[in-house]
Amino acid sequence: MITKVCSGDETKASALLSVRRFLRSISCSCRLLLLLTLLGLPVFAQTGAWARQRVTTLAWLHAVFFLDQNRGWAVGSRGTLLGTLDGGITWQAKSQPTGDILRDIYFTDDQTGWLVCETNIYELKTKDQPRTYLMQTSDGGEHWKRINIRGADLDARVVRAVFSHGRGWAFGEGGAIYATRDGGESWTRLHSPTRHLLLGGTFIDEDRGWLVGAGATIIQTSDGGETWHLSRLPGANETAIRFAATSFVDNRLGWVVGSSGSIYRTVNGGRTWQQQKSGVTTDLLDVKFLDAVEGWAVGSEGTIIYTSDGGLHWTTEHSDTEHPLERVFFADRTHGWAVGFGGTVVAYVRAEAPRSGK
């Protein structure tokens, strides 16, 4: 016996098949984000607070890095290097490895770490002295050795460095990108599709990464930097947007933040981007997403904003400071730190784990 299906049932069956195909084509994190959007449900209850921590310096702190919820470092102007073993309850000034500006700090494990250093252009002693160099430690920060980036222009500024599985990338002015495959012993310059200043970046493995910067620049690679692809923002005034940082939770879902409260999200690895409303007009200088739904961004005037639904809605948090916050770092979902101008360190502690919302 053959049963005839009415046209309405055929339409429903066709629509259901299309939805199933769509869900199979996107990542698990994107599926979760889609479900939240459809249901309108927050996933996490934000129950913590930010509070300023006491430090003994007024240096402009440019970067912060933690190995876990207790062990961390903050670095900044005039060679400032701070360390903590108790989550920032107490910060100690460490022996300065250099008197130059420390732009960035990154540890690949508890013993191996990197500093990005910049000499003030008026303090260069010779014409052959490079303006930017790296320093490396192999004993947890007790001693540091200088490593010059061979092939770098003498006047070039490198502002950030990121590492993944023994490989590393350093980048900065003029769209310059340098890479290492041997743990930092040697560096080579990569071809870059942009001449704009690159300010932020992230790699999720040794192949897939994204760098962002001035001129609304977003570039991406899937082969460790051998080739880069430049993304475009349809309808955006690219000359007015300066991206400062990016955060990805997998190879498809990511965010970028920048000037005048700009936030954009991608769900396809950076091929297309959609603007989100941050609710602020101050410059956003860094962003960190903990998973597909929960994220933080920090910026000028002590701005800290938070989302629990993948950026569909952002709320402004009290930061306990009006100084610019340049970087943010989370050791886990309940412990975070942000640093900035005037020796500012603010810490976030959530008393209880995230719970499901209703």
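The values are calculated or read from the model by the stated rules, or taken from the named source; none is laboratory data. This structure is a prediction, so every number in the text was calculated from the model and none was measured. Cβ coordinates were reconstructed from backbone atoms using ideal geometry, including for glycine residues, and neighbour counts include every protein chain displayed.
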By residue number, the members of region 54-105 that are of a type in the set (Phe, Trp, Tyr) and farther than 22 Å from GLY299 by Cβ are TRP91
Mind listing whichever residues of region 216-257 are buried (at least 16 other Cβ atoms within 10 Å of the Cβ), among the small types (Gly, Ala, Ser) and farther than 24 Å from TRP187 by Cβ? ALA216, SER231, SER247, GLY254
Lone qualifier among ALA161, ALA74 - being aliphatic (A, V, I, L, M), in contact (Cβ under 8 Å) with a residue 60 or more places away in the chain and under 23 Å from TRP337 (Cα atoms): ALA74
Filter region 211-254 down to the residues that are in a loop (DSSP other than H, G, I, E, B), over 22 Å from PHE330 (Cα atoms) and polar (S, T, N, Q) and list them by number. SER222, THR227, SER231, ASN237
Look through GLY342, GLY336 and report the one residue that is part of a strand (DSSP E or B), closer than 30 Å to SER77 by Cβ and either modelled with pLDDT of 95 or more or β-branched (Val, Ile, Thr) (or both). GLY336
Does GLY269 count as buried (at least 21 other Cβ atoms within 10 Å of the Cβ), among the small types (Gly, Ala, Ser) and within 18 Å of the chain's Cα centre (by Cα)? no
